[in-house]
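**Q** This is the structure, below, for whatever I ask next.
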Amino acid sequence: MNRTFFPMNRVLLGPGPSNVHPKVLQALSKPALGHLDPQFIGLMDEIKVLLKYTFKTENEAALVLSGPGSLGMEACLLNLVEPGDKILVCVGGYFANRMTQIVEKIDGNLITLKETWGRAIDPNKLEDALKQNPDTKIVAFVHAETSTGALSDIKTLSEIAHKFGALSLADVVTSLGAVELRIDEWQIDAAYSCSQKGLACVAGMSPITFGPRAVEFIKKRNIPVQSWFNDLNLLLGYWNGPGKRIYHHTAPSNQFYGLHEALLLLKEEGIENSWKRHKENSIKLVSRLEEIGLEPLVPERERIPNLLTIKIPEGVDELKVRMDLLNKHNLEIGAGLGELAGKVWRIGLMGYNSNEKMINYCINALKDVLQ
Ligand SMILES: *Cc1c(COP(=O)(O)O)cnc(C)c1O
């Protein structure tokens, strides 16, 4: 208690956080700057440019919220849903379900489309649901549903939303940086992410972006956004104010250094190369797991490359396996969530951890513990 804290150097192969690149850890320990220091504003501008690269967007509204992915989720919904507005949420797992809980708290008129956990959202179901609810203002979905391991085709989902005159909102918390994502080309109107999953930085920052239609909607709302901290109109004054920036809150400068470095590493690799690396290592991991008798939950075409759910074999004490992995091998993998609790493990190979060495480490540890 009276000594400096030294955490163990765990191997983090769960659904996030994942191990952070040493260069990012170094960046975190640089001297603090004031949140309106011209040098810090310069850093924010650079982060914005790097974020646009990462999101594949030209959106002017590309910024970072000082909080985890759940803050991004709440902020997007608060800004895009006016009380009474009809919003359709595509639910195929735990995180989409969290969106519905937020919508209820902010008095949105919630419609849910239910998909089987472990499967991509079926676009035909969305089309049918919108035919029955043509007055829907916004359609929300999760790109990579981390609770189930299923990846949805959000390009098609967004197209269908637009066909019915609705805006699209995508959760790209796990996918950003690791899975192909093209905000502009796919015409996603708004999206939010986090720092500790696909971007493999430390937790606590939420990159978000809003397209022109979403920004226009927010500017013209009849009822002001019912949150001070999350009001995009105020946040843009801090992030985009021409010349002079308006104080909003004290941005965590050291965390921003880390995010800047993580985004820079991604750009140096080339984002397409990062997508490819995650995909290739996922394929290798699956075949190695199959060799030791473990099976993925999600059909091949619908799998998230950086987060794999595997079925727990009959008769295996899943908690004991995870505890043995942690205690004997210093290795963390994820448990199942919600409907899949006790049924699957979740293995993430994200960012710095998506490599052959980690695959070998994981397989050897699992082999040892499952014996
Ligand atoms: C982890 C996760 C969240 C929540 O992010 P936090 O950073 O834990 O708040 C939301 N959506 C998805 C798909 C996630 O995987």
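**Q** Write out the GluC sites (Glu not before Pro) in the stretch 305-371 meeting two conditions: DSSP loop, and at most 11 other Cβ atoms within 10 Å of their Cβ.
**A** Those that pass, being in a loop and sparsely packed, are E314.
**Q** A further question on this structure: Counting chymotrypsin sites (Phe, Trp or Tyr not before Pro) as exposed when in a DSSP loop with at most 11 other beta carbons within 10 Å, what is the longest stretch of the chain free of them?
**A** Result, exposed sites excluded: 6-227.
**Q** Could you check which residue among S175, S66, S29 shows the biggest mean-square fluctuation in a GNM of the chain with a 10 Å Cα cutoff?
**A** So, out of S175, S66, S29, the one fluctuating most is S29.
**Q** May I pose another question? For the chain, what does the helix formula give at 222 nm: sum of -39500 (n - 2.57) over DSSP H segments with n ≥ 4, over the residue count, nearest 500 deg cm²/dmol?
**A** Rounded to the nearest 500, the figure is -12500 deg cm²/dmol.
**Q** Test of understanding: in a Gaussian network model of the chain with alpha carbons linked when under 10 Å, which of P313, P252, P207 would top the mean-square fluctuation ranking?
**A** Fluctuation is largest for P313.
**Q** How much of the DSSP bridge set in the chain is antiparallel, in percent, rounded to the nearest 5?
**A** Of those bridges, close to 50 percent are antiparallel.
**Q** What is the dipole size for the stretch 185-233, taken about its Cα centre, with +1 at each Lys and Arg Cβ and -1 at each Asp and Glu Cβ, in debye to the nearest 20?
**A** In debye, rounded to 20, the stretch 185-233 gives about 100.
**Q** Short version: ³J(HN,Hα) in whole Hz for each residue of the stretch 177-191, in order, from phi by Karplus 6.51 cos²θ - 1.76 cosθ + 1.60 (θ = phi - 60°), x for Gly and Pro, what are they?
**A** x, 10, 10, 3, 8, 10, 4, 6, 4, 8, 6, 7, 6, 8, 8
**Q** Among K155, K86, K105, which one shows the biggest mean-square fluctuation in a GNM of the chain, springs joining Cα atoms closer than 10 Å?
**A** Of the options given, K105 has the highest mean-square fluctuation.
**Q** Follow-up. Under 5 Å between amide H atoms, partner at least 5 residues away or on a different chain: which partners does L167 have, H built in plane at 1.01 Å?
**A** Those lying under 5 Å, H to H, from L167 are I138, V139.
Just so you know, all these numbers are worked out from the coordinates, no wet-lab data involved. Model, not experiment: these values are computed from the prediction. All Cβ positions, glycine included, derive from the backbone under ideal geometry; neighbour counts span all protein chains shown.
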